[in-house]
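Below: one structure, written as structure tokens.
Each reported figure results from applying straightforward, stated rules to the coordinates on display, with no laboratory input. Since this is a predicted model, take the numbers as computed values, not measurements. Every residue, glycine as well, gets a Cβ built from its backbone with ideal geometry; the counts of neighbours run over all protein chains shown.
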Amino acid sequence: MQKLDLMNVKFIIRKNREAGGLVPIQMQVTLEGVRLFITTGQKIEPDYWDVRTGRAAGKSHKIRVVNEYLDKMRVDAYKVFNEMKSLGDEVTPEDLRRNLTGKNEAKTKKLLEVCDIFNSNAEKLIGIEIGKITWGRYKAFRNRIADFLKLKYSLDDIYLSHLKYSFMVEYEFYIKTEVKIQQNTMAKYLKYVNRVVEFATNNEWLDRNIFQNYKCPVKEAKREYLTAAELERIMTKEISIERLAEVRDIFVFCCYTGYAYKDAANLTPEHIGTGINGRKWIYTSRKKTENVSNVPLLDTALEIIEKYRDHPKCIKDNKLLPMKSNQKLNAYLKELADICEIKKPLTMHIARHTFATTVLLANGVSMEATSKMLGHSSIKTTQIYGKIVESRVGAEMDILSEKLASRKDDSLRQAK
């Protein structure tokens with residue numbers, strides 16, 4: 001099939017279709033000698049049509065509106081044609097007609113347009129299904145697609161009907177080579193595209209999601225945590241510097257409750273209540289996901305809360321702990337790590353990982369209970385911690401080894 005490279009657009013009237021003194025205006029598109037006639041939906045009195053310029057003649061408001069509408073159709077026609085060319089498509093009259101005369105949204109919706117609709121819907125779900133941080137990422141993901149379209153195709157947007165499987169391949173290559181982000185973050189960018197196109201499919205703006213089977217492997221994240229010995233070393237270390245002592249206590253509190261920085265920073269005395277087991281609990285939701293994260297307070301955490309009950313900053317701000325900014329806390333934690341001879345990069349998030357592994361799972365707390373206390377949406381997230389608790393696996397294997405050895409001894413005695 002011959003590839004068509006040139007296009008010409010003009011407007012004509014059909015005098016043979018006059019009705020009520022008005023004739024329809026049509027857009028005539030010519031591709032290498034092949035003509036397409038596309039209705040504009042506009043009508044005009046024949047005397048007000050300039051055949052030479054292909055425009056309505058006159059200065060009235062009605063004439064001006066007609067001409068503005070025709071100008072927009074002309075621009076849109078060239079945009080569609082140039083977009084098809086930029087994507088390497090063979091521009092045929094049939095394909096061009098289909099893209100120009102789309103009579104439903106499946107033909108006219110564009111990718112970034114759908115991203116904006118998807119993000120707008122997501123914004124309404126903040127606090128219900130998603131957190132503000134996740135929605136913020138959606139906006140960043142959308143803008144990254146816009147950057148890619150500009151760089152790769154010199155386009156402001158792209159029709160959904162023009163998307164090909166190769167689009168995702170090229171986008172992944174762009175993310176790797178131009179944006180240069182780590183694998184798991186890149187997977188989130190690609191997952192967003194898939195999710196938006198699936199959203200378009202569900203709304204019947206596309207027949208199917210061509211990216212449905214596109215896979216981007218995710219590397220298992222390494223989650224640093226403190227061993228029981230390292231945690232004990234921090235807890236028992238004599239610290240004379242007041243600010244470091246406070247940071248140590250905040251860190252240890254998070255190691256025994258599993259709260260991330262923002263969650264710990266928002267805790268007030270009102271969050272503490274008595275559970276059905278008679279123990280003190282913290283009743284709250286995670287700031288990141290709004291998932292319930294109720295935690296029974298272990299003695300170590302209770303002692304820290306009691307220690308700071310009358311602290312001036314806690315009284316002034318009505319907080320459980322004398323929290324500092326996350327930036328300052330992480331900076332002071334580096335000093336704490338040096339003092340306690342901890343080689344791992346101490347951060348507030350390591351405290352959360354330590355709670356999951358060393359405090360809970362390594363001591364036999366079930367995966368389900370751990371997931372609840374961490375406020376995870378899915379137990380699959382919690383299972384990541386289960387894979388790295390070697391101490392628990394080792395302890396259970398020691399018990400099994402002792403049982404097998406005991407059975408062997410019994411068998412030998414019976415044989416004698």
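A crude spin-label estimate for the pair N213 and N326, with each label 7 Å from Cα along the Cβ direction, gives 4.0 nm.
In the elastic network of the chain, a GNM with C-alpha springs shorter than 10 Å, the most mobile of A301, A260, A56 is A56. Towards the positive end of the charge dipole of the chain, with charges on Cβ (+1 Lys, Arg; -1 Asp, Glu), say which of S371, L70, A228 has the farthest Cα. Most positive-ward Cα: L70.
With the cut-off at under 11 Å, measuring from each backbone N in region 20-44 to a point 7 Å along the Cα-to-Cβ line of K10 picks out 28-30.
Computed from label points 7 Å out along Cα-Cβ, the spacing between I181 and E306 is 4.7 nm.
Of all the options K59, K176, K132, the one that moves most in a Gaussian network model of the chain with Cα springs shorter than 10 angstrom is K59. Between Y283 and R223, the modelled label-to-label distance comes to 2.7 nm, taking each label 7 Å out from Cα in the direction of the beta carbon.
Annotation: amide H of L155 within the under-5 Å range of K150, sequence separation 5 or more or interchain, hydrogens built in the peptide plane. Were the residues from H349 through K139 laid out at 0.36 nm apart, the gain over their Cα-Cα distance would be 73.1 nm. Using Cα springs under 10 Å in a Gaussian network model of the chain, which residue among I210, I315, I63 shows the largest mean-square fluctuation? Sorting by GNM fluctuation, first place goes to I63.
Here r is the Cβ-Cβ distance between T30 and V75 and R0 is 25 Å; the resulting FRET efficiency, rounded to 0.05, is 0.90. If only the Cβ of Lys and Arg carry +1 and only the Cβ of Asp and Glu carry -1, the dipole of the chain around its Cα centre is close to 720 debye.
For R55, the residues whose amide H sits under 5 Å from its own are D50, ignoring neighbours fewer than 5 places away on the same chain, with H placed 1.01 Å from N. Less than 5 angstrom separates the built amide H of T284 from those of S293, N294, V295, all sequence-distant by 5 or more or on a different chain. Mean residue ellipticity, 222 nm, helices only, the chain: the sum of -39500 (n - 2.57) across DSSP H runs of n ≥ 4, divided by residue count and rounded to 500, is -16000 deg cm²/dmol. Of R309, R14, R52, the sequence from fewest to most neighbouring Cβ atoms within 10 angstrom is R52, R309, R14.
Scoring 190-202, 112-124 by mean Cβ neighbours within 10 Å over their residues and listing the highest first yields 190-202, 112-124. The distance from the alpha carbon centre of region 131-163 to that of region 292-320 is 44 Å, rounded to a whole number. Under the classification rounded if a/c is under 1.5, otherwise prolate if a/b is larger than b/c and oblate if not, where does the chain fall, given a ≥ b ≥ c as square roots of the Cα gyration tensor eigenvalues? Prolate. Rounded, prolate or oblate: pick one for region 105-202, where a ≥ b ≥ c are the square roots of the eigenvalues of its C-alpha gyration tensor, a/c under 1.5 means rounded, and failing that, prolate if a/b is larger than b/c, else oblate. Note, shape of region 105-202 comes out oblate.
Karplus-derived 3J(HN,Hα) values for region 38-54, using 6.51 cos²θ - 1.76 cosθ + 1.60 with θ = phi - 60°, are 10, 5, 9, x, 9, 10, 7, 6, x, 5, 9, 10, 9, 5, 5, 8, x Hz; glycine and proline are entered as x.
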